[in-house]
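Have a look at the structure below before the remarks.
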Amino acid sequence: MSRPEIDDVTGVETTGHEWDGIKELNKPLPKWWLWVLYATIIWSVAYWIAMPSWPLVADYTKGLLGYSQRAVVANSIANARAAQSQYLDRIAATDLAGIKADPDLLQFALAGGQAAFGDNCAPCHGRGAQGAVGYPNLNDDAWLWGGTLDDIHHTLNVGIRSGHPDTRDNAMPAFGRDELLEPAQISDVTDYVLSLAGLDANTEAAERGKEIFAEQCAACHGEDGKGDTELGSPNLTDGIWLYGGTRDDITDVIRNSRSGVMPAWDGRLSPETIKQLAVFVHSLGGGQ
Amino acid sequence: MDVTATERAKKAPAEAAPGVEQLDVAAVNAAETRPLYAVREKIYAKRAYGTYRTVKWIVMAVTLGIYYLLPWLRWDRGPYLPDQAVLIDFPDRRFLFFFLEIWPQEFYFVTGLLILASLALFLVTALAGRVWCGYTCPQTVWTDLMIAVERFWQGDRNARMRLDKAPWSLHKIWLKSATHITWLAISVATGGAFVFYFRDAPTLMGEFLTFSAPAIAYIFVGIFTATTYLLGAIAREQVCIYMCPWPRIQGAMFDQYSLLVSYREWRGEPRGPHKKGESWDNRGDCIDCKQCVAVCPTGIDIRDGAQLECIQCALCIDACNTIMDRIGRPRGLIDYDTIDNLEAEAEGKPTKLKLLRPRVLLYAGLIVLVSLIMLIALLNRTVLEVNILRDRNPIFVELSDGGVRNGYTVKILNKLHEPGKFQLGLEGLPDASLKIVGFEQAANPAISVLPDDLRALRVFVTVPRESIAKLTGPVTDFEFTVTDLNDGSTVRNDTTFRSPEK
């Protein structure tokens, strides 16, 4: 090795690197910098020993401190549960009206209910509980099975045609498919139902349909067509149509019937969650 | 002169002029000794006496006084709010500043204050250079304080240099530790004062004394103790020279008309020691006593001209004036002067002070403008604010009787320091009815909102079937009115009512 070149101006060795006539001086790092480097090396070795670090074939080195991010998450969740438990205990011990009357519990139930609704109910009823054709809008004031807190709570628990022993259930005959009524009769009843709701209808046909309605439909829907929440029969006089309010939609339901399904949440969700859901749905604006 | 020449000769071999010692000191950044890399040369700043030194003591007392005492100042805001005059209240998300109380969404007031502060900084820099750096910058103030502490324990420049050269002794250990302990005590007090801005000062003080303050308070006291000690007591001028970006920006902010601390080269040169009885003709007034270098807190020589390291603290003016008085020459060899005037003086032309320049007028104009905007915003600041959030899902709900219902979240912000009672109403929507969740029973409920608080209400607005035809279409504009029942004032907020397409 040749002797290092000395820079004239500074009297310092150069590294021998040169770019466009500019030479790099060989200036050693400050001592403290070097110590920092050694400290980081010691730190990293200590870290390997103390913390999980090296991947192995089927496992990894666990470290002496036994730290685990999964444990941290599990711990955080347990802490959150513990923080909620005072509310959950009170919700379990309070009836629905009591929850609504207690501002603290109401706030908790609304937040919890909204979360549970998003996870469990939104796939059918929509994120804003706005419903869709065949899936009721829970914001409005029309309730097939009743819109009081207890009604909603019961529907949530047992579901509709859900297989639950106490499930809410009813059946409307398929008047056309099962040939219980002639197509002309179905057309007449359609006109009558349209007239009940104040929609455009053929008055003569509606007159004929009225008799058929009294014989075939009034048992469930009532003589005035206002339905019965005990039976789950819809009110035909209002402006809300679960399966659509056009003439064709109504004819289709009379001809083929409909039987929507809602799961029973009893056993799937905790009783406290179902209570919160009931309060949440009741508070959407249409609760009775 | 009361001291004879022989006596002086015994004390100090080098004399710049009769009665004036020539100090053995060189500027740390002198061109000939400016290497690419160098270890720091410790600066032993000498004590200066004079006008600017006095001004600096006063500024130090005022700024430190404000910093340490402001959190203890009380301001009565009634029973519901903290009574600390200046408090950054993170838990309640409020910035309390005397009469002003800033909510997070009003942070533009703080932005405005910061803009004003920067513009004021630009203005003084255009007028008189680095006034901020020289007098009021915290780094300068605390460094000055730390140097004063060092001087108190170890003596002035010469004594300190002797002490550093002296071998370690009990006396030296005592002086050094006393200095560092005082520095640390000042640093702890600095950190302590800082956290008082974030929590009720007397309460926090009590917690500190009983060791029950929140951990974050101790952490921040620690951080500020460390930075004050490191930056103010140890690093000192290196912060200004190497760390601070301001010296780099300043170069673009003053011009040939700005008053800068300058050496009047035309008067001082050629410099050299002056003997008693010698004529002052054909020579400069500078006797090369280097007092200006010795007092400089950044260790430079102002006679080398304007330079980045100069924080313009004007202590060299004081030092030089003292000497000029002693040798009977006029003051002002080093003085605040403009580059333009220096040239004019050198050529014997008349000097003039040109203060009103485009940049000065621009900065002043902007300060007036921003202040006006702030003032108008402040005068129009409402103590009652209402935010309306329309439900977006569902946009509207058709009811069984054919009516249409819209949902809203109405947020009432009561910025008063006492509980408020408000009434919610609506205008411009035909036959609409209003239902507030939680107030279903009352017809026109009075909604109470806690002082300095926000209340969010769920509100349903329903237009009955008969009136839907009167709506202007699927989107109808209307107003929510929130009336303050205490003083009858009303806040109106526009929003829309949505209904199905017909």
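The values are calculated or read from the model by the stated rules, or taken from the named source; none is laboratory data. All values derive from a computational prediction rather than experimental measurement. FYI the Cβ positions are ideal-geometry reconstructions off the backbone, even for glycines, and counts take in every protein chain you see. What goes into the accessible areas is simple: the full protein's heavy atoms, side chains included, and nothing from ligands, DNA or RNA. Shrake-Rupley method; radii C 1.70, N 1.55, O 1.52, S 1.80 Å.
Details
- All conditions but one from (1) open to solvent by 50 Å² or more (accessible area, probe 1.4 Å); (2) under 23 Å from A:Gly286 (Cα atoms); (3) more than 12 Å from chain B (Cβ to nearest Cβ) apply to A:Lys100; the one that does not is (3).
Okay, residues lined up against (1) over 22 Å from B:Thr190 (Cα atoms); (2) small (Gly, Ala, Ser); (3) surrounded by 19 or more Cβ atoms within 10 Å (Cβ to Cβ):
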residue	(1), (2), (3)
B:Gln84	no, no, yes
B:Glu101	yes, no, yes
B:Phe107	yes, no, no
B:Gly134	no, yes, yes
B:Val141	no, no, yes
B:Arg157	yes, no, no
B:Arg160	yes, no, yes
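- Candidate set: the range B:399-411, residues that are charged (D, E, K, R) and at the interface with another protein chain (Cβ under 7 Å from one of its Cβ atoms); chosen: the one least open to solvent (accessible area, probe 1.4 Å): B:Arg405
- Inspection of the range B:204-212 finds no residue satisfying the criterion of being touching a Pro at 6+ places or on another chain (Cβ under 9 Å), among the acidic types (Asp, Glu) and touching a residue at least 60 places away in the same chain (Cβ under 8 Å).
Here is a yes/no grid of residues against (1) closer than 26 Å to A:Asp150 by Cβ; (2) within 14 Å of another protein chain (Cβ to nearest Cβ); (3) among the acidic types (Asp, Glu); (4) in contact with a Ser or Thr (Cβ under 6 Å, 6 or more places away or on another chain):
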residue	(1), (2), (3), (4)
A:Pro183	no, no, no, no
A:Thr190	no, no, no, yes
A:Glu204	no, no, yes, no
A:Gly209	no, no, no, no
A:Gly222	yes, no, no, no
A:Asp249	no, no, yes, no
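- Subset of the range B:378-387 that is touching a helix residue (DSSP H, G or I) at 6+ places or on another chain (Cβ under 9 Å) and more than 30 Å from B:Thr462 (Cα to Cα) - its residue that is nearest to the other protein chains (Cβ to nearest Cβ): B:Arg381
- So A:Lys226, is it without any contact (Cβ under 8 Å) to a residue 24 or more places away in the chain, part of a loop (DSSP other than H, G, I, E, B) and not aromatic (Phe, Trp, Tyr): yes
- Positions within the range A:123-135 being surrounded by fewer than 17 Cβ atoms within 10 Å (Cβ to Cβ) and more than 10 Å from chain B (Cβ to nearest Cβ), in sequence order: A:Pro123, A:Cys124, A:Ala132, A:Val133, A:Gly134
- Answer from B:Leu333, B:Leu308, B:Leu355 - the residue that is of a type outside the set (D, E, K, R) and either open to solvent by less than 20 Å² (accessible area, probe 1.4 Å) or in contact with a Phe, Trp or Tyr (Cβ under 7 Å, 6 or more places away or on another chain) (or both): B:Leu333
Listed here are the residues, each with its yes/no results for (1) within 14 Å of chain A (Cβ to nearest Cβ); (2) at negative phi; (3) in contact (Cβ under 8 Å) with a residue 24 or more places away in the chain.
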{"residue": "B:Ile376", "(1), (2), (3)": "no, yes, no"}
{"residue": "B:Leu389", "(1), (2), (3)": "yes, yes, no"}
{"residue": "B:Val397", "(1), (2), (3)": "yes, yes, no"}
{"residue": "B:Leu413", "(1), (2), (3)": "no, yes, yes"}
{"residue": "B:Glu418", "(1), (2), (3)": "no, yes, yes"}
{"residue": "B:Gln441", "(1), (2), (3)": "yes, yes, no"}
{"residue": "B:Leu457", "(1), (2), (3)": "yes, yes, yes"}
{"residue": "B:Lys470", "(1), (2), (3)": "no, yes, yes"}
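- Qualifying residue in the range B:233-245 (condition: free of Cβ contacts under 8 Å to residues at least 40 places away in the same chain, open to solvent by 40 Å² or more (accessible area, probe 1.4 Å) and not in a helix (DSSP H, G or I)): yes
- Scan of the range A:85-97 for residues that are in a helix (DSSP H, G or I) and open to solvent by 80 Å² or more (accessible area, probe 1.4 Å), ordered by number: A:Gln86, A:Asp89, A:Arg90, A:Ala93
- In the range B:379-398, residue farthest from B:Leu434 (Cα to Cα) [restricted to those that are hydrophobic (A, V, I, L, M, F, W, C) and surrounded by 14 or more Cβ atoms within 10 Å (Cβ to Cβ)]: B:Val383
- Qualifying position, being open to solvent by less than 20 Å² (accessible area, probe 1.4 Å), part of a loop (DSSP other than H, G, I, E, B) and not aromatic (Phe, Trp, Tyr), among A:Gly163, A:Gly147: A:Gly147
- Scanning the range B:420-439 for residues that are within 14 Å of chain A (Cβ to nearest Cβ) and more than 25 Å from A:Thr237 (Cβ to Cβ) gives B:Leu434, B:Ile436, B:Val437, B:Gly438, B:Phe439.
- Selection within the range A:1-26 - assigned to a loop (DSSP other than H, G, I, E, B) and either surrounded by 13 or more Cβ atoms within 10 Å (Cβ to Cβ) or not charged (D, E, K, R) (or both): A:Met1, A:Ser2, A:Pro4, A:Glu5, A:Asp7, A:Val9, A:Thr10, A:Gly11, A:Val12, A:Gly21, A:Asn26
- Scanning the range A:230-288 for residues that are under 15 Å from the mean Cα position of the chain (by Cα), of a type outside the set (A, V, I, L, M) and open to solvent by less than 50 Å² (accessible area, probe 1.4 Å) gives A:Pro263, A:Trp265, A:Thr273, A:Gln276, A:Phe280.
- Among the residues of the range A:103-122, those that are open to solvent by 40 Å² or more (accessible area, probe 1.4 Å), without any contact (Cβ under 8 Å) to a residue 40 or more places away in the chain and within 12 Å of another protein chain (Cβ to nearest Cβ) comprise A:Pro103, A:Gln107.
- Within the range B:65-112, tally of residues that are in a loop (DSSP other than H, G, I, E, B) and of a type outside the set (A, V, I, L, M): 16
- Tally, over the range B:255-285, of residues that are surrounded by 12 or more Cβ atoms within 10 Å (Cβ to Cβ), outside any helix (DSSP H, G or I), at pLDDT 85 or above and in contact with a Gly (Cβ under 6 Å, 6 or more places away or on another chain): 5
- Sole residue being surrounded by fewer than 17 Cβ atoms within 10 Å (Cβ to Cβ) and touching a residue at least 60 places away in the same chain (Cβ under 8 Å), chosen from B:Leu450, B:Leu429: B:Leu450
- Take the conditions (1) within 14 Å of another protein chain (Cβ to nearest Cβ); (2) closer than 17 Å to A:Gly113 by Cβ; (3) among the acidic types (Asp, Glu); A:Asp238 misses just one of them, which is (2).
- A search for C-beta distances below 9 Å between a residue of the range A:140-161 that is within 14 Å of chain B (Cβ to nearest Cβ) and any residue that is buried (at least 21 other Cβ atoms within 10 Å of the Cβ) and among the basic types (Lys, Arg), counting only pairs 6+ apart in sequence or on different chains, returns A:Asp140/B:Arg405; A:Asp141/B:Arg405; A:Leu144/A:Arg168.
- When A:Leu65, A:Leu29, A:Leu37 are screened for being assigned to a loop (DSSP other than H, G, I, E, B), under 30 Å from A:Pro4 (Cβ atoms) and open to solvent by 80 Å² or more (accessible area, probe 1.4 Å), only A:Leu29 passes.
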